[in-house]
Amino acid sequence: MTSSLPNPNLSLLNGGNLLNNKWIDRFLRSRWYPGIIQWPTLLIFMVIMFELILGPESAHDNFGTALTWVLWWPLIPIIFLFLGRFWCAICPFAKINDLVQKFVGNNRPAPRFLKKYGIWIIDALFIFITWSDHVWGVVENPLGSGVLMLTLTTGVIISGAFYERRTFCRYVCFLGGLSGNYARNGMLSLRGTPEICATCTIAACYKGTDQSMPCPLYEFPKTMTSSANCVLCAECIKGCPNNSIQLTVRPPTKELWFIRKPKLEEAFLSAVIMGIVFVQNVTMLEVWGSMLKWLENVTGTTNYAITFSITFATAIIIPVALLSLTSWIASKFNKASLVENFARFGYAIIALDMAGHIAHNLFHLLAEGKSILYTGMALFGMEIHSASAAILGMQEIQWLQFGLIALGFIGSLYTAYRISKSNHSGEKVWGTFAPFAVLMVILTIMNVVLFTLPMAMRM
Amino acid sequence: MKKTWFHYVVMIFAIAIFMSVPLQGVLADGEGEGIEKEVNGYHIRLTFVESPKLGENEFHVRITDAMGMPVTNAEVGVIVMPEEKMSEHEENINSESSGSDGMSGMDMPTEAASADDMNSMSGMDMGTEPESNEASIHDEPQDSHDEEPTQIVLETGHEFGEYSGHISFNRTGEWVFNIHFTMDGQLTEVEFPVTVAGLDAKYGILAGFAGINASVMSVAAFMKRKKIPTKA
């Protein structure tokens with residue numbers, strides 16, 4: 001998916017280059033960007049860390065927990081949808097990486113095994129952290145959240161101290177993997193202009209210049225076809241001597257329609273995220289206690305690590321197995337292998353993943369949102385008891401959730417169709433699309449059923 | 001050789017960090033905050049607002065039934081005593097019961113005894129202690145024999161199924177929270193171990209991470225033979 005020379009007449013919301021707007025252009029080229037957002041974010045991060053580790057131990061009373069899990073975590077997928085991986089440009093961990101690198105960085109190349117297995121490592125870490133959240137307590141335990149943040153900080157410091165650029169963000173960060181997948185679905189796209197880049201021999205965007213850093217995530221806008229690893233740090237915009245970089249708005253899911261080299265591990269991650277959305281929903285349902293009791297009777301153990309692991313594995317296996325089965329059925333029509341279909345059409349689930357993720361966390365944001373205010377006021381000795389933390393009523397939240405799931409379903413369905421259309425022709429298009437359409441209907445119904453059941457609070 | 005040494009250092013740090021994650025999880029559960037137990041089909045969770053420390057502490061007890069529904073309107077009491085006192089107390093009960101009915105060696109159901117049984121237990125005197133939701137343990141750290149169990153009646157908390165109380169610890173070490181409540185004529189009793197930390201464990205965690213991070217940066221600074229420009 002390459003871009004041609006920017007047409008100055010195009011509307012900014014219809015594929016026009018946002019850098020043609022002088023305010024956006026000036027802001028992104030400014031030496032204050034992204035620092036002007038990054039430093040305050042780092043400051044807030046330090047307040048959060050202080051609260052998580054040294055503040056109240058009850059999540060209900062902890063300002064750090066409220067900011068992290070009630071505000072930031074629900075907002076992050078929404079940011080990915082509208083601004084791609086912009087969060088990664090202002091992430092406090094990235095700033096810590098840069099600071100460590102500046103003073104003691106050895107700037108070694110990223111290890112080969114990370115380059116080779118990076119996404120699988122991210123997949124494994126994502127699964128492990130979600131599992132450990134339930135078994136050891138992270139979200140509901142401020143100290144657990146603090147320890148997770150400290151562990152990530154240490155990882156970032158090791159990376160910044162020994163390796164070049166943002167090796168941790170590109171190859172290890174579990175949130176980076178999630179955001180990479182979601183950014184493909186996002187509405188912002190940064191690319192080089194092929195006609196201009198074709199004659200360029202200096203690659204300032206990749207290597208950096210006196211005025212700009214090299215791309216922190218090892219991307220090369222000249223050949224970039226995906227937004228998965230573009231954090232919109234604007235270093236390439238500042239460094240390009242030919243003004244080749246374009247920043248455009250595109251319809252959500254558009255990038256997913258034309259993935260040239262689909263990767264099995266990325267498709268696997270999208271199926272895993274769906275499983276994680278299921279497990280997050282299931283364990284917050286009020287019927288979870290009864291389900292756990294049943295599982296304890298069946299397995300003969302009350303060990304939560306065992307019973308939860310069984311639930312967790314089942315929830316992850318279901319979408320992976322369904323996608324595999326659908327890929328196998330589709331292979332009867334399109335003669336592609338199961339693995340090829342899995343890798344190609346796994347990306348179609350991302351829209352539904354994102355909708356499910358946002359819908360789940362919307363509950364926490366809108367049903368517990370005022371807890372941010374209450375816990376913040378408690379820092380100044382103003383205690384509020386017995387007040388509702390809800391911003392919206394349950395009925396309204398549920399309608400919003402259903403609306404989001406409907407949008408996700410349409411996005412996934414259309415993406416599956418476009419993937420089928422861009423890889424096949426004639427009758428094969430519909431023959432391939434039909435099984436994946438059924439898959440999207442099944443996954444949507446599962447999500448809708450989960451969102452109709454009463455859910456427990458996070459705070 | 002230098003490269004091997006470098007890889008060795010990186011590997012040691014990586015292992016130390018990944019090892020520390022489950023360790024911290026265990027620490028978090030073992031300090032007494034957010035401990036859960038299942039008894040008689042009830043799910044009981046004891047949570048301290050801040051980790052148990054010397055002086056005033058606020059704690060919450062949340063009770064849910066087998067269906068996960070909060071148990072409201074229960075009269076919830078807590079008996080707090082040092083662990084060693086609890087051991088002596090249990091020994092007394094055992095010796096009294098074995099002396100009176102000769103049933104030594106039998107496993108008496110302690111977690112599902114009836115209210116009448118509990119009231120007859122020597123040393124507990126559940127109905128005679130002054131009832132308050134705030135209590136102080138006035139003991140000399142060295143003389144645990146003077147420590148008497150303190151009984152607290154909890155107040156209803158601000159969430160359904162939640163009960164709150166205060167306790168003031170005057171010494172560090174291991175304590176036992178015996179939580180009991182009566183529902184449908186059946187007394188449910190459960191014990192939670194609580195550690196009152198002398199040195200705040202949280203500062204230990206912070207210091208541990210700070211030490212690892214400082215070491216990493218020191219090694220990196222030491223190994224930085226020459227400055228490689230990050231800008232072309």
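The table below gives the values:
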quantity	calculated
Set A:Lys263, A:Lys238: member being basic (Lys, Arg) and surrounded by 18 or more Cβ atoms within 10 Å (Cβ to Cβ)	A:Lys238
Matching option when the condition is closer than 24 Å to A:Asp61 by Cβ and either in the same structural domain as A:Ser309 (by TED's automatic domain parsing) or surrounded by fewer than 19 Cβ atoms within 10 Å (Cβ to Cβ) (or both), among A:Val147, A:Val139, A:Val135	A:Val135
First in the stretch A:56-71 and within 13 Å of chain B (Cβ to nearest Cβ), second anywhere and hydroxyl-bearing (Ser, Thr, Tyr) and not in a helix (DSSP H, G or I), Cβ under 9 Å, 6 or more apart	A:Glu57/B:Thr47; A:Glu57/B:Ser51; A:Ser58/B:Thr47; A:His60/B:Thr47; A:Thr65/A:Ser58
Meets criteria (within 20 Å of the chain's Cα centre (by Cα), in contact (Cβ under 8 Å) with a residue 24 or more places away in the chain and in the same structural domain as A:Met446 (by TED's automatic domain parsing)) for A:Leu269	yes
Subset of the stretch B:202-220 (residues that are facing chain A (nearest Cβ under 7 Å), farther than 14 Å from A:Thr151 by Cβ and of a type outside the set (D, E, K, R))	B:Met217, B:Ala220
Residues satisfying the stated conditions in the stretch B:41-74, i.e. within 10 Å of chain A (Cβ to nearest Cβ), not aromatic (Phe, Trp, Tyr) and not in a loop (DSSP other than H, G, I, E, B)	B:His43, B:Thr47, B:Glu58, B:His60, B:Thr64
Unique match (being free of Cβ contacts under 8 Å to residues at least 12 places away in the same chain and either in contact with a helix residue (DSSP H, G or I) (Cβ under 8 Å, 6 or more places away or on another chain) or more than 23 Å from B:Val219 (Cα to Cα) (or both)) among A:Ala124, A:Ala94	A:Ala124
Odd one out for B:Gly32, checked against (1) under 19 Å from B:His166 (Cα atoms); (2) modelled with pLDDT of 55 or more; (3) more than 8 Å from every other protein chain (Cβ to nearest Cβ)	(2)
Pairs with Cβ under 8 Å, 6+ apart, first in the stretch A:369-381 and closer than 14 Å to A:Leu52 by Cβ and in a loop (DSSP other than H, G, I, E, B), second at pLDDT 85 or above and not acidic (Asp, Glu)	A:Leu379/A:Phe63
Lone qualifier among A:Phe128, A:Phe50 - being farther than 30 Å from B:Phe59 by Cα, in a helix (DSSP H, G or I) and not small (Gly, Ala, Ser)	A:Phe128
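Rundown of residues vs (1) within 14 Å of chain B (Cβ to nearest Cβ); (2) in a loop (DSSP other than H, G, I, E, B); (3) in contact with a strand residue (DSSP E or B) (Cβ under 9 Å, 6 or more places away or on another chain); (4) among the hydroxyl-bearing types (Ser, Thr, Tyr), yes/no style:
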{"position": "A:Asn181", "(1), (2), (3), (4)": "no, no, no, no"}
{"position": "A:Met213", "(1), (2), (3), (4)": "yes, yes, no, no"}
{"position": "A:Thr225", "(1), (2), (3), (4)": "no, yes, yes, yes"}
{"position": "A:Leu256", "(1), (2), (3), (4)": "no, no, no, no"}
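The values are calculated or read from the model by the stated rules, or taken from the named source; none is laboratory data. Small disclaimer: the values here were computed from a predicted structure and weren't measured. Cβ atoms come from the backbone with ideal geometry, glycine included; neighbour counts cover every protein chain shown.
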